[in-house]
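The values are calculated or read from the model by the stated rules, or taken from the named source; none is laboratory data. As the structure is a prediction and not an experimental result, all values here were calculated from the model. Glycine gets a Cβ as well: all are built from the backbone with ideal geometry, and neighbour counts include every protein chain shown. Accessible surface areas use protein heavy atoms only, side chains included; no ligands, DNA or RNA. Shrake-Rupley method; radii C 1.70, N 1.55, O 1.52, S 1.80 Å.
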Amino acid sequence: MRRRAVRPLACHLAHAVTDPEVLIIGAGPAGLTAATYLGRFRRRTLVVDGGAPRACWIPLSHNMPGFPAGITGADILKRMREQAEEYGAVVEPDRVQRLTHDGDGFVAEMDGRVVRARAVLLATGVVDHHPDLPGVEAAVQKALVRICPICDAYEATDKAVAIIGQSDKGAREAAFMRTYSDRVTLIHIGAPDALSRRDELDRLGVELILAPLDAIDIENDRVTALSYAGQSRAFDLVYSALGTSPNAELARGLGARLAGDGRLEVDLHQATSVPGLYAAGDVVRGLNQIAVATAEAAVAATDIHNRLRQADGLTVAD
């Protein structure tokens, strides 16, 4: 008979201590991966879950390594949370309103609670800019309107695809989709001068429509048409290329260095310009992918652990 695995001692210790050694802000793939690593490093770890991470929008991912039949975003997060908690991480629903320095560590002010930690990992992600249309968020959750061509453009092969854009980002995504289909249309809803290379769209065989979007028509869990300027067109798939805004306010308040797009700049160990403050996932400049987020989290967690070991005199001196 197979024995039930014994939960590590770290699990019980983490629940018994108020202040963690490491505070992780964000319970998406990056935050939960870092929590698993830190738990296995026997670090007291608290994950603050602000709710609805970006991964929960994924109806079915086919590019998640190890799941050839696909896996939902909800299942990804459930498995990752269970694994982090197995090794002692505490995951609590809350929001960090303010993050400040406190000697060699940090103070996080939450709703009715203050937490001190020796190191902080920001895994706060980004917020997607969806078209300002009724029901669009539900359409994203059902994959009727998509936001990540790198994730799922393969499923658009040989289909009629519409890209909704308001800048050159829309043109770049339309060009990317030409790998998969020769029926790609860019619906540019921004100012005409925000699209600087219309000649490139012609060269690449991308149809261009310059018009504000009036409605997305959905029937029987299918996008039947996009309506614009009194006209209507049917497409098999619709992508939104309206960009994102990084959740970097906490880091900005600490004076961390930001990239031009507002996301965090980090070194090769995922450390920000603020000592003891790390970042991983979509809030960091780079490719918005779960595989990337988990890799960054592993790097960050390992460096946090080694940094704390060094501070405690538990490393061999050079």
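With K and R counted +1 and D and E -1, the other residues having a Cβ less than 15 Å from that of Asn306 yield a net charge of +1. Within the straight-line cut-off of under 19 Å between alpha carbons, the aspartates and glutamates reachable from Lys142 are Asp75, Asp128, Asp132, Asp152, Glu155, Asp217, Glu219, Asp221, Asp236, sequence neighbours fewer than 8 places apart in one chain being disregarded.
With all protein chains in place and a 1.4 Å probe, the accessible surface of the range 98-184 carries 47 percent carbon and sulfur.
Applying a DSSP loop filter and a limit of 16 other Cβ atoms within 10 Å to the trypsin sites (Lys or Arg not before Pro) in the range 247-318 leaves Arg257, Arg285.
Between the beta carbons of Arg257 and Asn63, assuming R0 = 30 Å, the FRET efficiency works out to 0.45 to the nearest 0.05. Accessible surface for the range 201-318, divided over its residues, is 49 Å² per residue with a 1.4 Å probe. Take the chain, connect every pair of alpha-carbon atoms lying under 10 Å apart with a spring to form a Gaussian network, then pick out the residue of Asp193, Asp214, Asp49 with the largest mean-square fluctuation. Looking only at Asp193, Asp214, Asp49, the largest GNM fluctuation is found for Asp193. Once the Cβ-Cβ distance of Asp19 and His130 is raised to the sixth power relative to R0 = 35 Å, the FRET efficiency obtained is 0.40. The residues of the range 20-179 present an accessible area of 45 Å² per residue when probed at 1.4 Å with all protein chains retained.
Ordering Val47, Pro131, Ala84 by the projection of their Cα atoms onto the charge dipole of the chain, which places +1 on the Cβ of Lys and Arg and -1 on the Cβ of Asp and Glu, puts Ala84 at the extreme positive end. Applying 0.36 nm per residue to the separation of Ser245 and Gln97 and subtracting their alpha-carbon distance, the gain on full extension is 51.5 nm. Among the protein heavy atoms of the range 24-93, carbon and sulfur supply 54% of the accessible surface, probe 1.4 Å, non-protein parts ignored.
Across Gln141, Gln166, Gln231, mean-square fluctuation computed from a Gaussian network of the chain (C-alpha pairs under 10 Å connected) peaks at Gln231.
Residue separation of Gln310 and Glu207 scaled by 0.36 nm, minus their Cα-Cα distance, works out to 31.3 nm of gained length. Sorted from longest to shortest, the spans of the Cα atoms of the chain along the three principal axes equal 67, 54, 42 Å. As a fraction of the 1.4 Å probe accessible area of the range 258-302, surface on carbon and sulfur atoms comes out at 60 percent.
Within the straight-line cut-off of under 17 Å between alpha carbons, the aspartates and glutamates reachable from Lys78 are Asp49, Glu86, Glu92, sequence neighbours fewer than 8 places apart in one chain being disregarded.
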